[in-house]
Structures are given as C-alpha cells and as structure tokens.
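**Student:** This structure is in structure tokens; I'll ask about it shortly.
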Amino acid sequence: MSEIWTPPYPEPGSANDAAFIGIGEIPSGVYRERGFMAQIVEASARAIKDAQLSHTDIDQIVLIPCLHGIPDQADLIFSRVAEELGLHGKVKSSVMVHSGGSTSDNATRMAAGLIASGQARNVLVVYSERWGSADLQDMIDMLSVNGIPREWEAPTGLQFNAIGGLITQRYMHQSGSSAEEMAAICVALRDWANLNPNAMYYAKKLTIEKIVNSKMISDPIHAFECPFLADGAGAFVMTSATEAAKKQDAWVRIGGSGGCVSHYAAGQDADLGVLGWVEAAKEAYEAASWGPEDADLGEVYDSYAAVLAIALEGLQISSKGEAAREFHKGRFSPGGEFPLNTNGGLLSAGHTGVGGGTALLIEGIRQLLHRGDDRQVPNARRCIVGGTGGSYMDAQIMMLERATR
C-alpha cells in the first residue's frame, strides 16, 4: 500500500484558513405541515443570522442531497435554493455534493477549498430531508435498493437493516458484547436527546429493558435499536479566519481530516468489525497533530449501535472490543468521561438521511462555539467528527478546533 499523503493545512488564522461561523437547525421528527423548501429557507436563514451576515453576503451554496424524492432532489441540483433565498443573480454557484452519510465531511472539504483558493468568501452549506413524512413503502423500497449491489447482494434480500444486523453480529462476536451492553449505546444517545429540544425523541425516555424486549428486526437488532426516519434541516456558514475575526469572538477551524473508502459491497469488506476507521484516523491524527486523548468530545455517525462502537474503536477513543461495555458503564452518557453525540445522534435525534451526518457536524460546531445550552460540554475546544456513507463504505474524519480572536 502506498504511503498516505497528508495535505498541508492552512496556517491558523490566515486568509485561507476556513472557519465555521454560523449554524442553523430546526427540530427533527415528523412534520407533515412543513415543506421541503421551507425547511431549507428556515435553517439557512438561522445560520446566516447566527454568522452575523446578510443573505446577500453568501456567494457560494453547497447542498447536501435528499433521498425522499426525485423532484426535490432535482430542485437542489437546478439551483432552486438560490432563488428561494433571494440570491439568484448574486451567488457564483449552487452545487450538490453526495457521498451518503459522509457527505457533510466532503461538502466541508469542498467549501474549505473554495475559501482557501479565493473562489469564495462566504459559503452556505445546507440540508433538508423529509424521511419522516415520506411514503413509508417508498422509503422501504429506497433503502432496499440504493447502495445494494444489484448483481450479487440484492437477489439475496440484503437491505440496510440486514447489513446493520451482519455488522452487529460480527462486532458482538469479536468483542463478546452482550445484548444489554449493545442496548446501552442507544440509551446513552437517548439521554443526550433528552437534553436537545430539536431532537425527535426529546421528551421520551428509553431503557435497556425496553430495547431488549422490543421486536427483533434483523438479528440481533431490536426495533428500538433501529434508526427512526425523520424530517429535519440544518445549515452552516463558512468563511476565512481573517473574515471571521472581523465580527466573531470565536469560530471553528479544521485542524486536519482523514478518509478511507473500504468497499462498496458489504461482502467485499475484509472485516465488517473494523471497516475503514483505522486508516482514516491515522491520516486525520497526523494532519491535526492531536488525537483522541486531546479531544473534549466526539460526534460520530451512529445509524446502528455497532456502527458507532466500531468507529470509536477505530478512532482509538475506546480500546478494541470495549466500546459497548464503556457505554454500559456510562462513559459516554451525560456526565460521563467523554461526551459523545451530544445531540442524541441519528438513533435519537432522528435519522434525516444524508443529513444525519450533517446534524452531527453542526452539533460539533455548536459545542465548540459554546452554544450547547443544557448539554454544553464545559470549555470544549477540540472535537472529533466522524461520518460514513452507504453500506459503511467509507470512514471520514474531521478534526475541529475552537479558535478565538
């Protein structure tokens, strides 16, 4: 294998050092009265206001795709967002980036590159999803086809809950984790969601007993261990550190990043209990010159409990085979040693499709800007964000750092 190439990262505070300066989000759940484009406009307006900018200050739009319907996806591709925001004739481009659950990481890289190269001054990144109120059969069909190899795996009936079940079986076999320890992951995330007014399950408690006694969906995954499909939207604004310093007392920068595409077909991954996290983490930690022992919190993709546990071990936040047991002991719960997925994650804030990873990124930015309200991690300065797409085909890591004037 060739040596990993680590790109040079901009000097902190420089004109080509990309900075997150504003975030916007609306509640996740089932909101049939909210329109797709209305969600985008509201989340975007909140992010632009939070960034202390006018909408006409935005000169590039980077869009996160939706998966609930082709017409709305087409509107994203063909620049309707620019018009709805009153930016037609003003922005240079409106472009969509797509890599499934890791899209937020890759959209951020694109936005940072536009800023570093001088091709953009203020970039808006936004997502909107209607999974919660979309036709249920359409969503079942979509999750049974998209990302599943049609030649070899689709004929067997493989779909995403089945892939989640296979990964969970592998992880439990390798780690010796019990059903109760796996369920503790979902309980910890629900405890964080109970502190987040925007979470789908903000006011609903969850216990290990309720999980292990719920219906078996894809052995060994129970009903309350599956992601709940949600409507939602979120946005963030990026600019250069020099521009950020003109109006902001604090902003968030990218200290480094890493990525690894490990497979397309789940059957082609060498070990579903490891995935691509080890390689991605090595690159990200070398680029940032800091690692898990220096982080104050993490926001890591969690569509299934085992997906999160495997990522934490690859990221070296947990020792090999210990992540589920550490959840069971409360390490990652509110008040625990290492705050994790502080918005409730996809499993309790709600799975907003490709936007689920973006919601975790937005939460990481929120924490480093010290705007987390009841769930704020005290004095948070460094956050590890992890995303993965498709059948967990890749591992993408962003190392976020708080910066001040």
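The values are calculated or read from the model by the stated rules, or taken from the named source; none is laboratory data. Keep in mind that this is a model prediction, so the values were computed, not measured. Cβ placement follows ideal geometry from the backbone for every residue including glycine, while neighbour counts extend to all protein chains displayed.
**Student:** Pairs needed: first member in the range 226-238, more than 29 Å from Ala18 (Cβ to Cβ); second member anywhere, part of a strand (DSSP E or B) and among the basic types (Lys, Arg); C-beta distance under 7 Å; at least 6 residues apart or different chains.
**Tutor:** Within 7 Å, the pairs are Asp231/Arg130.
**Student:** Filter the range 215-227 for residues that are over 22 Å from Gly330 (Cβ atoms) and of a type outside the set (Val, Ile, Thr) and give the result. Walk me through it before giving the result.
**Tutor:** Restricting attention to the range 215-227, the residues satisfying the condition of being over 22 Å from Gly330 (Cβ atoms) are 215-221, 223, 226-227.
Matches in the range 215-227: Lys215, Met216, Ser218, Asp219, Pro220, Ala223, Cys226, Pro227.
**Student:** Still on this model: Out of Thr108, Thr103, I need the residue that is farther than 26 Å from Ala245 by Cβ, at pLDDT 95 or above and β-branched (Val, Ile, Thr). Which one? Steps first, please.
**Tutor:** Values: Thr108 fails: farther than 26 Å from Ala245 by Cβ.
Unique residue meeting the criteria: Thr103.
**Student:** Kindly indicate the residue of the range 154-188 that is at pLDDT below 95 and outside any helix (DSSP H, G or I) and also nearest to Lys204 (Cα to Cα) among those meeting that condition.
**Tutor:** Filtering first and then ranking leaves Gln159.
**Student:** Taking only the range 98-147 into account, find how many residues are surrounded by fewer than 24 Cβ atoms within 10 Å (Cβ to Cβ), in contact with a Ser or Thr (Cβ under 6 Å, 6 or more places away or on another chain) and not in a loop (DSSP other than H, G, I, E, B).
**Tutor:** Matching residues across the range 98-147 total 1.
**Student:** Among the residues of the range 7-28, how many are hydroxyl-bearing (Ser, Thr, Tyr) and either touching a Leu at 6+ places or on another chain (Cβ under 7 Å) or under 18 Å from Ala120 (Cα atoms) (or both)? Write out each step before concluding.
**Tutor:** Going through the range 7-28, the residues hydroxyl-bearing (Ser, Thr, Tyr) turn out to be 9, 14, 28.
Next cut, either touching a Leu at 6+ places or on another chain (Cβ under 7 Å) or under 18 Å from Ala120 (Cα atoms) (or both) only: 9, 14.
Residues that pass the stated criteria total 2.
**Student:** Now for a separate question. If a residue must be touching a residue at least 60 places away in the same chain (Cβ under 8 Å) and either assigned to a loop (DSSP other than H, G, I, E, B) or surrounded by 22 or more Cβ atoms within 10 Å (Cβ to Cβ) (or both), how many such residues does the range 37-59 contain? Write out each step before concluding.
**Tutor:** Start the filter on the range 37-59 by keeping residues that are touching a residue at least 60 places away in the same chain (Cβ under 8 Å), which leaves 37, 39-40, 42-44, 46-48, 50-53, 57-59.
Next, from what is left, pick out any that are either assigned to a loop (DSSP other than H, G, I, E, B) or surrounded by 22 or more Cβ atoms within 10 Å (Cβ to Cβ) (or both): 39-40, 43-44, 47-48, 51-53, 58-59.
Total satisfying the criteria: 11.
**Student:** Just one of (1) of a type in the set (A, V, I, L, M, F, W, C); (2) touching a strand residue (DSSP E or B) at 6+ places or on another chain (Cβ under 6 Å); (3) buried (at least 21 other Cβ atoms within 10 Å of the Cβ) trips up Leu189, so point out which.
**Tutor:** If we test Leu189 against (1) of a type in the set (A, V, I, L, M, F, W, C); (2) touching a strand residue (DSSP E or B) at 6+ places or on another chain (Cβ under 6 Å); (3) buried (at least 21 other Cβ atoms within 10 Å of the Cβ), just (2) comes out false.
**Student:** Can you pull out every residue in the range 327-342 that is assigned to a loop (DSSP other than H, G, I, E, B), surrounded by 21 or more Cβ atoms within 10 Å (Cβ to Cβ) and hydrophobic (A, V, I, L, M, F, W, C)?
**Tutor:** Result: Phe332, single match.
Rundown of residues vs (1) in contact with a Leu (Cβ under 8 Å, 6 or more places away or on another chain); (2) touching a residue at least 24 places away in the same chain (Cβ under 8 Å), yes/no style:
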| position | (1), (2) |
| --- | --- |
| Ser303 | yes, yes |
| Ser318 | yes, no |
| Gly389 | no, yes |
| Ala395 | yes, yes |
| Ala403 | no, yes |
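**Student:** So which pairs qualify, if the first residue must be in the range 326-345 and closer than 19 Å to Tyr201 by Cβ, the second must be in a loop (DSSP other than H, G, I, E, B) and among the charged types (D, E, K, R), the Cβ gap must be under 8 Å, and the two must be at least 6 apart or on different chains?
**Tutor:** Within 8 Å, the pairs are Pro339/Asp296; Asn341/Asp302; Gly345/Asp302.
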